[in-house]
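The values are calculated or read from the model by the stated rules, or taken from the named source; none is laboratory data. It should be emphasised that the depicted structure is a prediction, and the values quoted were computed from it without experimental measurement. So basically every Cβ, Gly included, is an ideal-geometry build from the backbone, and we count neighbours across all protein chains shown. The accessibility values were calculated without ligands, DNA or RNA, using every heavy atom of the protein model including side chains. Shrake-Rupley method; radii C 1.70, N 1.55, O 1.52, S 1.80 Å.
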Amino acid sequence: MSHAELPPLPSSRVFRRSRRSSSLARRERWTAFGLAAAASFAVAVAFVVAGAWPVLPYSALEIALLGAAFVWWNGGAGEWERVTVAGDRVIVEWAAHGRLDRREFNRWWLRVELDEARAREPQVLLRYAGEAMDFGSALPPRGASRWPGRSSA
């Protein structure tokens, strides 16, 4: 029986880097928050000038809650995952919650599976030495398109 062997890969090649979709950059998000807060405060001041001062605390509460939502949303903005195949190594790197992690695997012993049994959309599993590791948490659901109104199916 003949022996089959995979061809060598380039010295370093990134196969997939996944990142959550974000339509605005960090600075643009905070600019939008500042404009919304300024508009809310301007309306509240107009009501105070007209004699309806009880509107001001509600406006302050609205701005505070909007600010908390922006802080929460910015928390996941810097999350990403990357798989690099370099020779006989597979390097998996990910950043989440301000922390950067990296694991290296032997290319020949790593098994890649698609886990379709989850409640969420299918997830890529990397199995090595009896352990399973998730990859692709930021990937869009199956059949979803990157462009609104289009289907990739």
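Please go through segment 16-30 and pick out each residue that is over 11 Å from residue 70 (Cβ atoms), surrounded by 11 or more Cβ atoms within 10 Å (Cβ to Cβ) and modelled with pLDDT of 75 or more.
28
Considering only segment 47-104, state which residues are closer than 20 Å to residue 34 by Cα, open to solvent by 40 Å² or more (accessible area, probe 1.4 Å) and of a type outside the set (A, V, I, L, M, F, W, C).
57, 58, 62, 75
Does residue 42 fit the bill of being modelled with pLDDT of 85 or more, of a type in the set (A, V, I, L, M) and outside any helix (DSSP H, G or I)?
no
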